[in-house]
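What follows is one structure encoded as C-alpha cells, with my remarks underneath.
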Amino acid sequence: MAPYSPAAEAGGLVFLSGQVGLVPETGDRAPDDVTAQAHQVMSNIGAILGDLGLGYADIVRAGIFLASIDDFVAVNEVYASYFESDFPARTTVQAGALPGGFLVEIEVVAAR
C-alpha cells in the first residue's frame, strides 16, 4: 500500500492525489493509449469527487503530468470534455516517465 490518501481536505478545499489509468473495479490498466488513459483518469477523479459530494464543476485547479508532451493535444481534448464552463486553473508538464509506465496522471483541487 502506498503512503498517501486518495483525497485530503483542509480549509474548504479537497486535494486529490494524482490519478492514473487504473480501472478501480478490476485493478486493470486502461489500454496503452493516451486517450483511453485520460478518460479513465477523469472517470477516477469524478468517482472520488462524487463520493465526497462534489463534481467536475467544483474543481478549481488541476495538474497534468504527461509522459510525452506530444500527447498534449489529445489529453487536452479529453480533459476539456469533462467541463461545461469555467475551466479550472491548470498546469501541464512533461514528466518524462510516470509510475507504472502510465502515459498521463492528473491531480486536482476542488472547492466545497
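The values are calculated or read from the model by the stated rules, or taken from the named source; none is laboratory data. Given the structure is predicted, the values throughout are model-derived calculations rather than measurements. Here Cβ is always computed from backbone atoms with ideal geometry, including for glycine, and neighbour counts include all displayed protein chains. Ligands, DNA and RNA are excluded from the accessible area calculation, which covers all protein heavy atoms including side chains. Shrake-Rupley method; radii C 1.70, N 1.55, O 1.52, S 1.80 Å.
Computed from the alpha carbon atoms alone, the convex hull of the chain holds 104 Å³ per residue.
Note on Arg90: accessible area approximately 80 square angstrom, rounded to 10, probe 1.4 Å, nucleic acids and ligands left out.
What's the extension gain from Ala80 to Ser68 if we count 0.36 nm per residue and subtract their Cα-Cα distance? Don't skip to the answer; put the middle values down first.
Numbers: separation 12, 0.36 × 12 = 4.32 nm, distance 1.87 nm.
Length gained, Ala80 through Ser68: 2.5 nm.
Round to a whole number: what % of the accessible area of the chain belongs to carbon and sulfur, probe 1.4 Å? Here it works out to 55 percent. Calculated FRET efficiency, Arg29 to Val109, Cβ-Cβ distance, R0 = 22 Å: about 0.30 to the nearest 0.05.
Using a Gaussian network model of the chain in which every pair of alpha carbons under 10 angstrom is joined by a spring, one finds that among Gly96, Gly18, Gly46 the greatest mean-square fluctuation is at Gly96.
Against the empirical 2.2 N^0.38 Å scaling, what ratio does the C-alpha Rg of region 14-65 come to?
Numbers: Rg = 11.1 Å, N = 52, 2.2 N^0.38 = 9.9 Å.
Relative to the 2.2 N^0.38 Å estimate, region 14-65 comes out at 1.13.
The residues of the chain expose, per residue, 55 Å² of accessible area to a 1.4 Å probe.
For Arg112, neighbours were defined as the other residues whose beta-carbon sits under 9 Å from its Cβ, and their charges (Lys and Arg +1, Asp and Glu -1) total -2.
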